[in-house]
Amino acid sequence: LKARQMMPRGETYIGLAPGAGNPVKIWPRHNFIDVANYQIAQGRVPVFLLGPQEESWLPELRDAVPDAMFPLQARKVWGTPEITIEQTLAVGSLLSGAVCNDSGTGHMLAAIDCPLVSLFGPTSPEKLAPRVSKGIIVRAQDFGGKTMDAIPSFAVQKATDRLILLQNPS
């Protein structure tokens with residue numbers, strides 16, 4: 001209910017989860033900013049999912065993407081001082097899709113079968129990819145690299161377009 005207050009019906013919300021427990025799994029923030037701005041240009045609403053480790057990124061992301069949403073940081077709406085798994089799942093349930101690093105957030109969103117674009121660099125999607133009914137894997141190796149920075153923004157932008165088409169094939 002609280003998530004729906006922040007994210008009313010009628011919009012296409014695309015989640016962006018730029019964090020990960022291990023820094024080698026983190027796609028550069030400027031790329032997430034590029035993808036967020038692309039979503040706006042497509043008429044979609046970017047929704048950043050920032051956990052406790054990423055909260056220091058909030059000012060930079062807000063400045064770079066002023067039309068983005070940051071629902072997990074809406075402490076007054078939630079009425080709790082900390083971010084909970086339940087809040088992440090509530091927000092995730094309202095997303096049309098999300099872009100995630102190989103991270104816990106990606107697996108949380110997979111638990112509710114949120115359509116995902118999952119980004120992989122040095123880790124194995126064959127072993128670690130979240131299990132979803134609609135998902136796209138983007139690997140650094142497909143662009144000649146092994147690290148997350150090898151993945152170009154345009155590839156993730158196109159993957160989000162494909163993810164939306166998977167849900168609305170007409």
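List of remarks:
- Close Lys-Lys pairs in the chain, where close means Cα under 16 Å and separation is 8 or more or interchain: 4
- Value at 222 nm in deg cm²/dmol, rounded to 500, when DSSP H runs of n ≥ 4 in the chain each add -39,500 (n - 2.57): -10000 deg cm²/dmol
- Segment 1-75: C-alpha gyration tensor shape, a/c 1.5 cut-off, then a/b vs b/c: oblate
- Figure legend: label point modelled 7 angstrom from the Cα of L165 along Cα→Cβ; no residues of segment 14-52 have amide N under 15 Å from it.
- Histogram of C-alpha separations across segment 102-170, 5 Å bin width, %: 4, 18, 26, 25, 19, 7, 2, 0
- The eigenvalues of the Cα gyration tensor, multiplied by 5 and square-rooted, give the chain an equivalent ellipsoid with semi-axes of 23, 18, 16 Å from largest to smallest.
- Protection proxy ranking, peptides 38-51, 98-111, 79-92, 20-33, average beta carbon neighbours within 10 Å, highest first: 98-111, 38-51, 20-33, 79-92
- Here segment 55-126 is treated as a Stokes sphere of Kirkwood radius computed over C-alpha pairs; at 25 °C and 0.890 mPa s its diffusion coefficient rounds to 180 µm²/s.
- Among the helices of the chain, none built from whole DSSP H runs has Cα atoms reaching 24 Å or more along its own axis together with a mean Kyte-Doolittle hydropathy of at least -0.5.
- C-alpha center-to-center spacing [segment 119-156, segment 1-65] in angstrom: 18 Å
Each value in this text was obtained by applying a stated rule to the coordinates, not by laboratory testing. Just so we're clear, the structure is a prediction, and the values are computed from it rather than from any experiment. Positions of Cβ are generated from backbone atoms using ideal geometry, with glycine treated the same way; all protein chains shown enter the neighbour counts.
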